[in-house]
C-alpha cells in the first residue's frame, strides 16, 4: 500500500475537510507545520509507554480535580458536622474535612472521583519515576536530551510536592499529622525556620490560613507549572525525535516506526482510555484514603502506624533512621536530626540526578549526539550507579515503614532501625559492585552468543566418547543487535612532559578524569572483531556435528535449511 | 522529498540531506572491523488480517463490538446515576459507587482496547523511516543569529551607554522587592510564641475528652492518661459558677498543638528525678508534654514495665522514669516535664508552666 500519495477523491466526504482546514490555514497558516507532523514517525517499544502513563494520569488528575473543586471547600472554619455519615455527627471539624465527607457520601459519584484522583496521583508519581529509570538506564539523557532530563526532574520534584499538598487538603487526622511533620521540618531550617513557619501558617501551627493557601498552590500554581513543563518536554521530544533501540536498519541517523496518524494517534490515544479505565476501576473497587475512618484533625491526637503516600516514604524513612544529632552554638540550635533527612536528603538526590548527565559526559569525553539507546548491560558503571540508587531509595522506603515491618515480621524495631542506619551506606555500594559485575557477565554472554551461537541443550557423544553440547547460531538480526554498540575509546592522559607548570592544576584534573575513565570502562568485554569471529566460526565449523533429523547445526548451513541465515557465512567459506 | 521503498515503506527526509550533516554532530557509521554488518530493515510481513478477509472482518467486528459495548456502558452509567439509591449496599459496598465506577471504567477500557485493536489488526502497519537531521542549526544560521543579536544590541547602545544600562539593571532588580515585601503580612513574627504554652500555676490537669478534673487516686500504677489544661473546657467552680472555655476555633487548635500532656504513674522507687525535680510529681504521678521533641507528633505508645514512651511517627523513645530522656530514635531532646501538685479540692494542677519550650527544636531555642 502506498500511503504517502493517497488523497481523497474530490467528491469523497474526506474532501469536505478541505473547507475548514483552508479556513484555518488562511488565518494561522498551519499547513506548513501540519504536513510534517501529521505523519511524524514514532518508534514502538513497550518501555516508551512509561512516560505516557505519567502524561495520561496527569490528564486524569486535571479532569477529576476540576470536578472535586466544585464541591470541596478549602476552609478551616469550624463547623458541627450534620451530614450523612452517622459516626461523626455532632463532631466539630473544619469545613475542608466536612466537605470531603460530603463528596464521599452525599455527592453521587463523588467518592469515585475522589478515589480516582488519589489513585491517579499515585500512578502519576510511579509513572514518572519508572520513566526516569528507563531514561537513565538506556542513556536517553545523553546529548542532545539533557534539557529534557532536567525538565523531567523538575516535574518529578513538583509532582512529589503536589501530591503531598493534595493529600493534606482534606484536613483529616492522618493528613494533619503529615502537616505537623512538615511544620517540624520547616522549623528546623537554620536561622529563618520559625519565621518561615509563621509566614507559611499565618501564625502558629495549625492556625486557620493554611488549607486555603495550600489549596491555591495545589489547584493553580503547581499544576500550571507542571502543564508548562509538560508542554516544553513534549515539544522538545517532537523536535529531537524519539530515541530508538538498535536493530537492523535502525541507526543513529534515522528513526524507524509508525506514523502519528493513524497508528500513534490510535495507540497512544487509546492508551489514554485504558489508563483512565483502569484508574476508574481502581477508584471503584480499591479503597484509598478513607478519611472518615481517621476523623478530623486534632493536634493532640495521632494514630499508630501512620504512613504517607508511597512517594513520600523514602523521606519518612530518612527521618526515622537519622541519629539524634543536634548542635547548640552561641545560644542557637541546629537540628541536624530533622534538617538533614527532611530537606537536605531530597536536595542531595535531585542534585546528583541533575548533575549526572554532565558528569558522565565529562568522564567519558563523549561529545556526540546519541539517538540509539544503550542496552543497560553495555554501560556497566552507569547500571551500577542506577542500581545503587534504587537500592538506597528502597532501603529508605523500607525504613519509612520500620514500625510496620517490626509488627508484621515480629522483629525488633530498634534492630531494624540500626540495620538501616548502616545498610543505607553499605547496601548501595554492594549493589553497585554486584550490578556492575553482573552487567559485565551479561556482556560476556552476548559475546559468546555472537561467536559460538546459543546453547541448544542437545548433548552429543563423539566416537571417542567425549560429550559436548551443540551450539546453534543466532539470527543475523540478533547478532547485529548484540554488536551494534560502539567500542569505546578510553580517555587518554595528556603526557606530563607537554604540560607547563602553569597548567599543573588542569593536568591534575585530566589525570583524575583519565583515572575515572579507566574505571568507567574497566573490565568491559569487547565485542568480537571480524577476525575473532572468523576464527570462532572456523572452530565451530570443525566441531559442528549433524543432528538426527538432518538439520545441520552450525554456521555452514547458511540460509539453506530454514531459520535465519547467518550472513557472515559467505565471506568465510 | 519523499521516496518509497519497493516493499511499500516510505522514507522521508527532512530538509537536510543526511549526507550533509557536519561531522562530529552525529557519529559516522563505523563499518571497519564491525563483526556483523547491518542487515537492514527486515521485509514487511503481512499480518493474518491483511491476507485473510475472514480474519479482517472478524477484527472489524471485534473493534465495533468494543465501541458498541462502551456506548451501552456509558449510557448505563447515566441510568445508574438516577436509578440506584445512593445509600443502597451491594456486598457491603456502595451499590451506586461500584456501578458508576464499573460502567465508567469498563467503557473507557473498551474504547482504548478497541482503538488499539484497530491499530494493530487493521490500520496499515508499514514501518516508516524518517531521517534525523542534526539537532543544532547550521553554522551559517548560528552566525546569522549571533550577528543579528549583536547588531540589535549595538543599535540599542546597551554596551556603550553604561549609565542607562546600570540604572536599568538597578530599576529592574529592585522590582523583585515589592513581591517579597508584600509577603510580610502572611503572618505575625514568631516572638516568644514557639516557647510558651497556656500552662500556668494552678491550672487543673484534666481528662482530654470530657475535661473532667483528675484526682491522684484516679491514676493507677502503670496507667497513662491523656490530659489537657482545664482552660480548654467549660469549668464548673465549687461556687457553682460556670467559666466558658478560654479558647475556641483556630486559637484552640494552636493551643492544642502545644499544651497536651500525659500523666503516668509508676512506683515512686522507680523514679530517678533530677535534684531540681524531686517535688515535680505527686505520689509517683508524673506529667510530661505529649508533643514529641523530634517533629511534633503527639506521643502515646506507653510501655508500663520499662516506663518508656514511644512516638508512633518516628519511634523516638523517652524514659519517663529518668526525666524523659531520649533512649532511642531521632529525637535529640528530653520530653519536657510539667511540675504538678494538688489543689485544695484534691485535684491535680500545674505548679508552673513548662520550664523549656515544648515540641520540635528551632533555631532560637538555644
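The values are calculated or read from the model by the stated rules, or taken from the named source; none is laboratory data. For clarity, every value in this text was computed on a predicted model and none was experimentally measured. Please note: Cβ atoms are built from the backbone with ideal geometry, for glycine as well, and neighbour counts cover all protein chains shown.
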Can you confirm whether segment B:69-86 contains a residue that is assigned to a helix (DSSP H, G or I) and touching a residue at least 40 places away in the same chain (Cβ under 8 Å)?
-> yes
From (1) at pLDDT 95 or above; (2) in the same structural domain as residue B:359 (by TED's automatic domain parsing); (3) closer than 30 Å to residue A:76 by Cα, pick out the condition that doesn't hold for residue B:215.
-> (3)
Boolean, residue A:236 is more than 7 Å from every other protein chain (Cβ to nearest Cβ), over 23 Å from the mean Cα position of the chain (by Cα), surrounded by fewer than 19 Cβ atoms within 10 Å (Cβ to Cβ) and in contact (Cβ under 8 Å) with a residue 40 or more places away in the chain | no
Taking residue B:331, is it at pLDDT 95 or above, on the phi < 0 side of the Ramachandran plot and part of a loop (DSSP other than H, G, I, E, B)?
-> yes
Among the residues of segment B:27-47, is there at least one that is modelled with pLDDT of 90 or more, more than 29 Å from residue B:136 (Cα to Cα) and assigned to a helix (DSSP H, G or I)?
-> no
Sort out which residues of segment B:332-351 are within 17 Å of residue B:361 (Cα to Cα) and touching a helix residue (DSSP H, G or I) at 6+ places or on another chain (Cβ under 7 Å), and write them in order of number.
-> B:332, B:337
Mind checking which residues of segment B:233-252 are within 24 Å of residue A:93 (Cβ to Cβ) and either assigned to a loop (DSSP other than H, G, I, E, B) or modelled with pLDDT of 95 or more (or both)?
-> B:233, B:234, B:244, B:245, B:246, B:247, B:248
Hey, residue A:374 hits all of (1) assigned to a helix (DSSP H, G or I); (2) away from chain B (no Cβ under 11 Å); (3) surrounded by 19 or more Cβ atoms within 10 Å (Cβ to Cβ) but one; which does it fall short on?
-> (1)
Determine whether residue A:228 is within 11 Å of chain B (Cβ to nearest Cβ) and without any contact (Cβ under 8 Å) to a residue 24 or more places away in the chain.
-> no
Under 7 Å by Cβ, and 6 or more places apart or on different chains, what pairs join a residue from segment A:275-288 that is on the phi < 0 side of the Ramachandran plot with one that is at pLDDT below 95 and part of a helix (DSSP H, G or I)?
-> none
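Conditions (1) in the same structural domain as residue B:202 (by TED's automatic domain parsing); (2) under 25 Å from residue B:193 (Cα atoms); (3) crowded, with 20+ Cβ neighbours inside 10 Å, marked per residue:
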position: B:331; (1), (2), (3): yes, yes, yes
position: B:334; (1), (2), (3): yes, yes, no
position: B:344; (1), (2), (3): yes, no, no
position: B:349; (1), (2), (3): yes, yes, yes
position: B:354; (1), (2), (3): yes, yes, yes
position: B:358; (1), (2), (3): yes, yes, yes
position: B:361; (1), (2), (3): yes, yes, yes
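Here's the yes/no breakdown for (1) crowded, with 20+ Cβ neighbours inside 10 Å; (2) away from every other protein chain (no Cβ under 14 Å); (3) outside any loop (DSSP other than H, G, I, E, B); (4) modelled with pLDDT of 95 or more:
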| site | (1), (2), (3), (4) |
| --- | --- |
| A:339 | yes, no, yes, yes |
| A:343 | no, no, yes, no |
| A:346 | no, yes, yes, no |
| A:350 | no, yes, yes, yes |
| A:354 | no, yes, yes, yes |
| A:366 | no, no, no, no |
| A:388 | yes, yes, yes, yes |
| A:391 | yes, yes, yes, yes |
| A:395 | yes, yes, yes, yes |
Would you confirm whether any residue within segment B:273-290 is in contact (Cβ under 8 Å) with a residue 12 or more places away in the chain, within 30 Å of the chain's Cα centre (by Cα), surrounded by 19 or more Cβ atoms within 10 Å (Cβ to Cβ) and within 14 Å of another protein chain (Cβ to nearest Cβ)?
-> yes
Being in contact with a helix residue (DSSP H, G or I) (Cβ under 6 Å, 6 or more places away or on another chain) and over 30 Å from residue A:358 (Cβ atoms), is that true of even one residue in segment A:127-139?
-> no
Pick from A:154, A:139, A:127: which is assigned by TED's automatic domain parsing to the domain that holds residue A:356, within 22 Å of residue A:367 (Cβ to Cβ) and either in contact (Cβ under 8 Å) with a residue 60 or more places away in the chain or buried (at least 19 other Cβ atoms within 10 Å of the Cβ) (or both)?
-> A:139
Would segment B:283-302 turn up any residue that is outside any strand (DSSP E or B) and more than 27 Å from residue A:406 (Cβ to Cβ)?
-> yes
Of the residues in segment A:175-199, those that are closer than 20 Å to residue A:94 by Cα and facing chain B (nearest Cβ under 8 Å) come to A:177, A:180, A:181, A:183
Based on what the data block shows, is residue B:326 facing another protein chain (nearest Cβ under 8 Å), at pLDDT 95 or above and assigned to a strand (DSSP E or B)?
-> yes
Only one of B:218, B:254 that is within 14 Å of another protein chain (Cβ to nearest Cβ) and either free of Cβ contacts under 8 Å to residues at least 24 places away in the same chain or touching a strand residue (DSSP E or B) at 6+ places or on another chain (Cβ under 6 Å) (or both) | B:254
Would you check if there is a residue in segment B:75-96 being farther than 20 Å from residue A:270 by Cα, away from every other protein chain (no Cβ under 11 Å) and touching a strand residue (DSSP E or B) at 6+ places or on another chain (Cβ under 8 Å)?
-> yes
Do we have residue B:244 as free of Cβ contacts under 8 Å to residues at least 12 places away in the same chain and more than 14 Å from chain A (Cβ to nearest Cβ) here?
-> yes
State all residues of segment B:123-152 that are surrounded by 12 or more Cβ atoms within 10 Å (Cβ to Cβ) and more than 14 Å from every other protein chain (Cβ to nearest Cβ); if no residue qualifies, say none.
-> B:138, B:144
Under 7 Å between Cβ atoms, at least 6 apart or on separate chains: pull out the pairs that start in segment B:349-366 with a residue that is free of Cβ contacts under 8 Å to residues at least 12 places away in the same chain and at the interface with chain A (Cβ under 10 Å from one of its Cβ atoms) and end on any residue that is surrounded by fewer than 17 Cβ atoms within 10 Å (Cβ to Cβ) and outside any loop (DSSP other than H, G, I, E, B).
-> B:363/A:332; B:366/A:328; B:366/A:332
Looking at (1) part of a loop (DSSP other than H, G, I, E, B); (2) out of contact with any helix residue (DSSP H, G or I) (no Cβ under 7 Å at 6 or more places or on another chain), which is the one condition that is false for residue A:22?
-> (1)
Do you know which of the residues in segment B:314-323 that are out of contact with any helix residue (DSSP H, G or I) (no Cβ under 9 Å at 6 or more places or on another chain) and in a helix (DSSP H, G or I) is surrounded by the most Cβ atoms within 10 Å (Cβ to Cβ)?
-> B:320
Per the list (1) within 10 Å of chain B (Cβ to nearest Cβ); (2) in contact with a strand residue (DSSP E or B) (Cβ under 9 Å, 6 or more places away or on another chain); (3) under 18 Å from residue B:296 (Cβ atoms), residue check on residue A:172 breaks on (1)
